[in-house]
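Undergrad: The following block contains the structure, expressed as structure tokens.
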Amino acid sequence: MSPKSNFDASRTLPWLLILFAGSGCSALIYEIVWYQLLQLVIGSTTVSLGVLLATFMGGLCIGSLWLPRYLAKHPMHPLRAYARIEIGIGLCGILELLLIPLVDSIYAAVSIHGVFSIFLRAIICAICLLPPTILMGASLPAISRWIEATPRGVSWMGWLYGGNTAGAVFGCLLAGFFLLRVSNMTATTFVAAGINIAVALFSFAFAKKTPDQAVVQPGEAKRAPWPTGAGPVYLAIAVSGATALGAEVVWTRLLSLLLGATVYTFSIILAVFLVGIGIGSWVGAIAGRGRRPAVALGICQLMLVGGVAWAAYMIAQSVPYWPINPLLSSQPSYTFQIDIVRVIWSILPASLLWGASFPLALAAAASPGEDSSVLVGRVYAANTAGAIVGALAFSLRVIPLVGTQGAERILVCLAAFGAVVVLGPLVLRGKSVFAMVGVAAAMGLSLFIALKIPAVPPELIAYGRRIMINMGRSKILYTGEGVNSSIAISQWDDGAIQFHVSGKVEASTESYDMRLQRLLGHMPALFHPNPKSVLIVGFGAGVTAGSFVPHPTIQHIVICEMEPLIPPTATLYFGAQNYNVKNDPRTTINYDDARHFVLTTPEKFDIITSDPIHPWVKGSATLYSKEYFEMVKAHLNPGGIVTQWVPLYESDEDTVKSEIATFFDVFPGGSIWANELSGGGYDVFLLGQANPAPINVDQIQAKLASPQYAKVLQSIREVGFNDAINLLSVYAGQDSDLKPWLQGAEINRDWNLRLQYLAGLALNRSQEGTIYNSILAYKRFPANLLTGSGETLQNLERVISSPPK
């Protein structure tokens, strides 16, 4: 079909830009929602996230290659094809709400561990993600088929790609800052599906008013051969994709240390990265109309050497040392402004160049008369395939082997290689000595730059966003960058040893930390009449897990830890405090995230104690959800006990209420036990029972007085407790007394994970004293919880009722 003579395509293309922006917006909303839902099924370790990312991007790659072949056999108006794809994506998005819970139950029932578990996770991801992501990958080739493979047409393809990315930025911010904060994943999904349907309806309307502009006409479409001489372009854009996603992995890890690993931080980093790609693609679309787009592509890759080096230097040597005290303001809006500026300053230059690479590659690979959808599909597939390799390689292998400094050096070398791939054949063909010398000099300079990439400061790994507050206050003894997290060991001037995970102190030998870590283990072990098996969520410094070592009845200690680097390092520095629990013959360590382990293990335990990372850390809220607590309860033996850490510092009242109310919703009769600091609030832990029963204080005292428990008594004496009454004096309240205070508290559910959004807004607040006093205002002596002789209970009531010192 020939174009109508009076049709002006330039008037319609801006509307297509808006439509494609809508498509990008819905795609990012889906991506955020599906990642959260599927992490509940397959876990949130780096391996699981790698499988998830590879499947998502693999679907995009398949779709970009499949669509042109399908349309060659089933020709239709490109805008109608695009509309049908959008409808398909919207329907798939809604179906995911039914499919993911179904595969969750199947996956939990299978309960496979080890290497076969990885294959099962891949199958689960493929079932859930491939149908919609294949359609997402097909959307750009579908709409690009309407545009001719001419310099002007290729320029418009770059604009469409940029518009799609601009929509993705809006979707990222809309979902990360608003939809999931005020609503749930179901409502958020329907918003995304509504966008898909709106885009489809407008596309059908445009199709009625526009001619079929496909270069390959119906009945003439054939499988296009690979263009002669375009191989270097496809290789270069694949390398560009690898460096882009590899850098995103590295810089997200480092910037989350600096800014705090909240859901908002990840949204800011992704949004800035996408903004750079969107703006860069528009610039590249203009540059691609020049006479030598391949040369421009090569120069762009060469400039990436400087872009990567800039980001590496800024993140390591500049931004951490900006004189910013994160505690000066408790208002998130001010913090977000500073965070956005720091992220833009660091990674925007490189992101612009990656964005420009795609339209330049399109222009360099284009051949006159070629089916535009084939061209776009191939370039997009090459870029996406490279991105998959880059993301997996850097997250699973490169960073654990050579660290972030080594990873950034490799990124610089890869960018230089991408430039050589494109410029090398052109220089050799032109036989210009000047050009050859120039390329050689550029490669030498790239190698020099790679060698000068600075290492991440040890203080950043240790203190993260508090680096400017704690600089020089301690000696860094060790740093390590593992598969899932970065860790550090430091020593204060008073001799106390601190254990840091991802820029946050997770444990220490300070008296207040030792007290909490020991209580999390000793109290449930003493309360239980005959504990034999325990599960500890998170190794940390190993002190909580080690608290079970002296108990004579304990036969099996199971520890669940995500980061393999943590247990041996913690044992080296905290072996005396944790009773060398890692090497105890009763100990089994499972390197998995706790939720996934609890979901899939058939084991049951007498005690489950959980000391996870702070709930404002992205992903941690899944260990405070009602569904997680229900899984924990289901894995308790009759009479089993669970303890759960709840921080009062770096939090606010709404966050703490959500954590406590959610726990009590699953464990009625639950209680709160305090860990004070200088007589004020610091943190607490919750205690629940599978079958609520009174705790006999006399029996606990009898245990502590027996020779078999001599080591247990010594262990609690080391943290300030001499007997059962003294130990139970840390009682702070129970569910029945706190009902008025908890009324209206948000229950944290898997399908809203509201806690991580509440906690992320309270990151810089210091309200622990106020929160603790609010809890104590409802404290009454728990006559229904504690039993014993009259004299014992009288003494205990006097101690519990006494105001904190």
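Undergrad: Taking amide H atoms as placed 1.01 Å from N in the peptide plane, list the residues 5 or more away in sequence, or in a different chain, whose amide H sits under 5 Å from that of LEU636.
TA: Close amide H contacts, sequence-distant or interchain: PHE605.
Undergrad: Using packing as a proxy for protection, rank 756-763, 188-195 so that the peptide with the highest average count of other Cβ atoms within 10 Å comes first. It would help to have the intermediate numbers written out before the result.
TA: On the way: 756-763: 24.2, 188-195: 21.2.
By packing density, highest mean first, the sequence is 756-763, 188-195.
Undergrad: Another question about this same structure. Given a 1.4 angstrom probe, I'd like the percentage of the accessible area of the chain that is carbon and sulfur, rounded to a whole number.
TA: Numbers: 18580 of 29800 Å².
With neighbouring chains kept in place, the figure for the chain is 62 percent.
Undergrad: Next question, about the same structure. Ordered by packing density, taken as the mean number of other Cβ atoms within 10 Å over each peptide's residues, highest first, how do 508-518, 372-382, 269-279 rank?
TA: Numbers: 508-518: 20.6, 372-382: 27.5, 269-279: 23.0.
Put in order of decreasing packing, that is 372-382, 269-279, 508-518.
Undergrad: Give me the angle, in degrees from 0 to 90, between the Cα long axis of helix 293-313 and the longest principal axis of the Cα atoms of the chain, rounded to the nearest 10.
TA: Relative to the chain, helix 293-313 is tipped by roughly 20 degrees.
Undergrad: Another question, if that's okay. Quote the Stokes-Einstein diffusion coefficient, in whole µm² s⁻¹, for segment 285-376, based on the Kirkwood radius over alpha carbon pairs, a temperature of 37 °C and a viscosity of 0.692 mPa s. Working shown, then result.
TA: On the way: Rh = 15.8 Å.
Reported coefficient: 208 µm²/s.
Undergrad: When the scattering of segment 49-192 is computed by the Debye formula from its Cα atoms alone, each counted once and equally, what is log10 I(q)/I(0) at q = 0.09, 0.14, 0.21 Å⁻¹?
TA: So the normalised log intensities are -0.36, -0.82, -1.37.
Undergrad: Pop the C-beta distance of PHE119 and ASN691 into the FRET formula with R0 = 41 Å and round what comes out to the nearest 0.05. Please list the in-between numbers first.
TA: Working: r = 39 Å, r/R0 = 0.94.
Once the sixth-power term is evaluated, E becomes 0.60.
Undergrad: Cα atoms only, segment 514-602: Rg and Dmax in Å?
TA: Rg, Dmax (Cα atoms, Å): 12.2, 35.
Undergrad: Output wanted: per-residue J couplings in Hz (rounded whole) for segment 176-191, from phi through Karplus 6.51 cos²θ - 1.76 cosθ + 1.60, θ = phi - 60°, x for Gly and Pro.
TA: Going residue by residue, I get x, 9, 10, 4, 6, 7, 9, 10, 10, 5, 5, 5, 5, 4, 5, 4 Hz, with x marking Gly and Pro.
Undergrad: Further question: Under 5 Å between amide hydrogens, which residues at least 5 positions from GLU510 or on another chain qualify, with H placed 1.01 Å from N in the peptide plane?
TA: Here ILE497 satisfy the definition.
Undergrad: Then there is this: For segment 739-744, just list the computed ³J(HN,Hα) in residue order, Karplus coefficients 6.51, -1.76 and 1.60, θ = phi - 60°, integers in Hz, with x standing in for Gly and Pro.
TA: These are the phi-based 3J(HN,Hα) values: 4, x, 5, 8, 4, x Hz.
Undergrad: In the chain, if the dipole is taken from +1 on Lys/Arg beta carbons and -1 on Asp/Glu beta carbons about the Cα centre, which of VAL308, SER729, PHE204 is farthest to the positive end?
TA: So the residue furthest toward the plus end is PHE204.
Undergrad: Evaluate Rg over Rh across segment 631-705, taking Cα atoms for both radii and Kirkwood's formula for Rh. Walk me through the intermediate numbers first.
TA: On the way: Rg = 14.3 Å, Rh = 13.9 Å.
When Rh is taken as the Kirkwood radius, the ratio is 1.03.
Undergrad: Give the accessible surface of segment 14-93 per residue, rounded to a whole number of Å², with probe radius 1.4 Å and ligands, DNA and RNA excluded. Working shown, then result.
TA: Numbers: 2420 Å² over 80 residues.
For segment 14-93, the solvent-accessible area averages 30 Å² per residue.
Undergrad: Using 0.36 nm times the number of residues separating ASN583 and LYS209, minus their current alpha carbon distance, what extension gain do you get? Kindly include the intermediate steps, with their values, before the conclusion.
TA: Values: separation 374, 0.36 × 374 = 134.64 nm, distance 7.38 nm.
Taking 0.36 nm per residue and subtracting the Cα distance, the gain is 127.3 nm.
Undergrad: If you don't mind, another one. Just going by the charge dipole of segment 758-805, with Lys and Arg at +1 and Asp and Glu at -1 on Cβ, which of ALA783, GLY760, ASN773 is farthest out on the positive end?
TA: It is GLY760.
Undergrad: I've got another one for you. Once you list every other residue whose beta carbon is under 12 Å from the beta carbon of LEU636, what net charge do they have if Lys and Arg are +1 and Asp and Glu are -1? Walk me through the numbers on the way to the answer.
TA: Values: positive: LYS604, LYS633; negative: GLU603, ASP606, GLU630.
Residues close to LEU636 contribute a combined charge of -1.
Undergrad: May I ask you to give the solvent-accessible area per residue for segment 650-805, in square angstrom, as obtained with a 1.4 angstrom probe? Don't skip to the answer; put the middle values down first.
TA: Values: 6420 Å² over 156 residues.
Here the residues of segment 650-805 average 41 Å² of exposed surface.
Undergrad: Taking the solvent-accessible surface of protein heavy atoms with a 1.4 Å probe, what is the per residue accessible area of segment 337-394 in Å²? Write down the numbers at each step before the final one.
TA: Numbers: 1500 Å² over 58 residues.
Heavy-atom accessible area per residue stands at 26 Å².
Undergrad: Tell me what the chain gives for mean residue ellipticity at 222 nm when only DSSP H runs of n ≥ 4 count, each as -39,500 (n - 2.57), the sum divided by the residue total, rounded to 500 deg cm²/dmol. Intermediate values should be presented prior to the final figure.
TA: Details: 28 runs with 484 residues, N = 805.
Using -39500 (n - 2.57) per qualifying helix, the result is -20000 deg cm²/dmol.
Undergrad: Using 17 Å as the cut-off for backbone N distance, which residues of segment 737-766 belong to the label zone defined by a point 7 Å from the Cα of SER330 along Cα→Cβ?
TA: 758-766
Undergrad: What is the distance, in nm, between label points placed 7 Å from the Cα along the Cα-to-Cβ direction at TRP492 and at ILE344?
TA: 3.9 nm
Undergrad: Next question. Taking amide H positions as placed in the peptide plane 1.01 Å from N, state which residues far from VAL646 in sequence (5 or more) or on other chains have amide H under 5 Å from it.
TA: VAL684, PHE685, LEU686
Undergrad: How far is it, in nm, from the label point at ALA702 to the one at LEU401 when both lie 7 Å from their Cα along the line to the Cβ?
TA: Roughly 6.0 nm, to one decimal.
Undergrad: Please report the spacing between the Cα centers of segment 648-680 and segment 480-494 in Å, no decimals.
TA: Value for the Cα centre distance between the two parts: 28 Å.
Undergrad: Using the Karplus equation 6.51 cos²θ - 1.76 cosθ + 1.60 (θ = phi - 60°), what ³J(HN,Hα) coupling, rounded to whole Hz, does each residue of segment 509-520 give in order, writing x for Gly and Pro?
TA: 8, 4, 4, 5, 6, 4, 4, 4, 4, 6, 4, 4
Undergrad: Cross-link partners among aspartates and glutamates for LYS504, C-alpha distance below 12 Å, same-chain residues fewer than 8 apart left out?
TA: GLU459, GLU650
Undergrad: Multiply the residue gap between SER678 and ILE197 by 0.36 nm, knock off their C-alpha separation, and tell me the result in nm, one decimal place. Walk me through the intermediate numbers first.
TA: On the way: separation 481, 0.36 × 481 = 173.16 nm, distance 5.87 nm.
Roughly 167.3 nm would be gained on extension.
Undergrad: Just one of (1) 27.4; (2) 28.3; (3) 35.2 is Kirkwood radius over Cα pairs in Å calculated from these coordinates, so which is it?
TA: It is the one labelled (2).
Undergrad: Now a separate question. Pairs to check: LYS604/LYS703; LYS633/LYS657; LYS452/LYS582. Give those whose C-alpha atoms are more than 28 Å from each other in this structure.
TA: Values: LYS604/LYS703 25 Å; LYS633/LYS657 20 Å; LYS452/LYS582 39 Å.
Flagged as over cut-off: LYS452/LYS582.
The values are calculated or read from the model by the stated rules, or taken from the named source; none is laboratory data. The model shown is predicted, which means the values in this text are computed figures rather than measured ones. Every residue, glycine among them, receives a Cβ derived from its backbone with ideal geometry; neighbour counts consider all protein chains shown. Areas reflect the complete protein model, heavy atoms only, side chains present, ligands, DNA and RNA absent. Shrake-Rupley method; radii C 1.70, N 1.55, O 1.52, S 1.80 Å.
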